[in-house]
Amino acid sequence: MPATVLLDRAIHVSYGSAEAGTGADPGVDPDTFWHGQVNGLCGAAVRGFLALMTGLHTGYVQFRVELHPGRPPLGDDWEEAVEVSFRHRAKKLWVRGLLSEAYPAKLPPGDYRVRYCARGMQEGQRQDTAGEDEIVDAYLLQFWPGEAEPDRIVRQTSEVAAYWHKANPKPAVGDAERAEAKRRKAEKRARAKEEAQRAEDRLRWGDRVPGKRLRDADRRANPLDHVNADLAFALAETDDDTCAAVARWAAGRAVTVAGLDRLPQVAAALAAADRGKKPPTEGLGLLLEDPAVPQRTVLLPEAMANGRTLQAAQRYVALPALLALTDRPPLAAALNALWAAAGAHGEDGYRQLFADLRTAFPDLAR
């Protein structure tokens, strides 16, 4: 059965390197491709990836990829040949020179034996660079179904191939070394994550670092600390019952200042919350066009508008305070309800709102 040609074209290589694989960056140290190998022309130690050496440093080489039903004979015109095993799980194999355009080869998923052949490699190294009309070295990847087995050097004739066979192979990595490398990598990721979090905290919170309770709630809440950081930290030091009470208080102030309290559905939602029940909030947004609701606008606090002058419909700013009563945890409900209430009171009134809050809840004033 004849071979199926998957790719046959000139490709551009850089630094005497080409590659074949999924197209994604494997994200490993280059030495990893050669661990445990005896050949230095085709690195296959990283699953799904082949690192390929070329004689030419920079420019165009001829590259061909074939799929065979079984091990093909090695043609006499190929001066270098090595074999490796390769597990392919992607829909396509992408072939490219280092830092160059990638070309697809429709290689079916499977376990393969691969032969990498080269011709003119020594001349390519001597010439160093070549344009598309000056090609001197050619390369062939032959795939056929096969179980995994050690790599081997099939044919070697040039000095440059002998050099790479000596320079590239690295000692195999044992289980203990892999485990240690994995541990160091995990530690490095953890340190980087911690450093990024500290930098974000300094930018967001200044000298005070939020505890786990405030940080967890903050992921589900609007940034009340932008408006009043002291209040956000004080709320985080109270219990859930106090936070829930603050949320109900803020929701009541928000809907009252916006004139929404005159709507029976809003009043019913507030009453349910006061009884410790989940307030019915479905459909409340549709009531905002009720003629009974004042159609006022409010100037948002600068801290909520990123320092800009921003007008907003008061009723639309206030309603989220009522909807926040269903948020969890209760600290998030309090943060969200106060954020909406501050917006509903506007630039001229939100400071008084917070002063009234501390009067109603003296523990927040400490």
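Just a few scattered comments:
- Residues being closer than 19 Å to LEU338 by Cβ, of a type in the set (A, V, I, L, M) and modelled with pLDDT of 85 or more - total across the range 273-327: 15
- The set of residues from the range 344-356 being in contact (Cβ under 8 Å) with a residue 60 or more places away in the chain and either under 30 Å from GLU289 (Cβ atoms) or of a type in the set (Gly, Ala, Ser) (or both) comprises ALA344, HIS345, GLY349, TYR350, LEU353, ASP356.
- Of all residues in the range 94-110, at least one satisfies being small (Gly, Ala, Ser), surrounded by fewer than 16 Cβ atoms within 10 Å (Cβ to Cβ) and at positive phi.
- Filtered by the rule that a residue be more than 38 Å from the chain's Cα centre (by Cα) and farther than 23 Å from TRP94 by Cβ, the range 130-151 gives GLY131, ASP133, GLU134, VAL136.
- Within the span defined as the range 37-48, every residue fails to be surrounded by 15 or more Cβ atoms within 10 Å (Cβ to Cβ), touching a Gly at 6+ places or on another chain (Cβ under 9 Å) and not in a loop (DSSP other than H, G, I, E, B).
- Strands (runs of 3 or more DSSP E) within the range 108-204 that include 3 or more residues not aliphatic (A, V, I, L, M): 110-119, 138-145
- Criterion violated by THR54 - all others in (1) surrounded by fewer than 20 Cβ atoms within 10 Å (Cβ to Cβ); (2) in contact (Cβ under 8 Å) with a residue 40 or more places away in the chain satisfied: (1)
- Taking first residues from the range 197-226 that are without any contact (Cβ under 8 Å) to a residue 12 or more places away in the chain and partners that are of a type in the set (A, V, I, L, M), the Cβ contacts under 6 Å between residues at least 6 apart in sequence or on separate chains come to ASP201/VAL209.
- Every residue from the range 254-301 that is outside any helix (DSSP H, G or I), of a type in the set (Gly, Ala, Ser) and either touching a Pro at 6+ places or on another chain (Cβ under 8 Å) or surrounded by 13 or more Cβ atoms within 10 Å (Cβ to Cβ) (or both): ALA258, GLY259
- Residue match in the range 209-228 (condition: surrounded by 12 or more Cβ atoms within 10 Å (Cβ to Cβ), of a type in the set (Lys, Arg) and in a loop (DSSP other than H, G, I, E, B)): yes
- Test: GLY16 is within 15 Å of ALA161 (Cα to Cα) and touching a residue at least 12 places away in the same chain (Cβ under 8 Å): yes
- Only listed residue being farther than 17 Å from GLY36 by Cα, out of contact with any Pro (no Cβ under 6 Å at 6 or more places or on another chain), assigned by TED's automatic domain parsing to the domain that holds MET53 and not hydrophobic (A, V, I, L, M, F, W, C), chosen from GLU159, GLU180, GLU149, GLU187: GLU159
- Number of the exception - VAL154 against (1) in contact (Cβ under 8 Å) with a residue 60 or more places away in the chain; (2) in contact with a strand residue (DSSP E or B) (Cβ under 7 Å, 6 or more places away or on another chain); (3) over 18 Å from LEU50 (Cα atoms): (3)
- Filtering the range 231-253 to residues that are charged (D, E, K, R) and either within 23 Å of ALA268 (Cβ to Cβ) or not in a helix (DSSP H, G or I) (or both) leaves GLU237, ASP239, ASP241, ARG248, ARG253.
- Which listed residue, of ARG308, ARG328, is assigned by TED's automatic domain parsing to the domain that holds ALA232, in contact (Cβ under 8 Å) with a residue 60 or more places away in the chain, of a type outside the set (Ser, Thr, Tyr) and at negative phi: ARG328
- Cβ-Cβ contacts under 7 Å between residues 6 or more apart (or on different chains), taken from a first residue in the range 73-91 that is part of a strand (DSSP E or B) to a second residue that is β-branched (Val, Ile, Thr), are listed as GLU80/THR157; ALA81/VAL154; VAL82/ILE153; VAL82/VAL154; GLU83/VAL114; GLU83/VAL154; VAL84/VAL114; PHE86/VAL114.
- Some residue of the range 58-77 being under 23 Å from THR32 (Cβ atoms), touching an Asp or Glu at 6+ places or on another chain (Cβ under 9 Å) and surrounded by 23 or more Cβ atoms within 10 Å (Cβ to Cβ): no
- Residue match in the range 204-218 (condition: over 22 Å from GLY343 (Cα atoms) and of a type in the set (A, V, I, L, M)): yes
- Inside the range 253-279, residues that are among the β-branched types (Val, Ile, Thr) and free of Cβ contacts under 8 Å to residues at least 12 places away in the same chain make up a count of 1.
The values are calculated or read from the model by the stated rules, or taken from the named source; none is laboratory data. Values in this document were obtained by computation on a predicted structure and should not be read as measured data. Don't worry about glycine lacking a Cβ; one is built from the backbone with ideal geometry, like all the others, and counts go over all protein chains shown.
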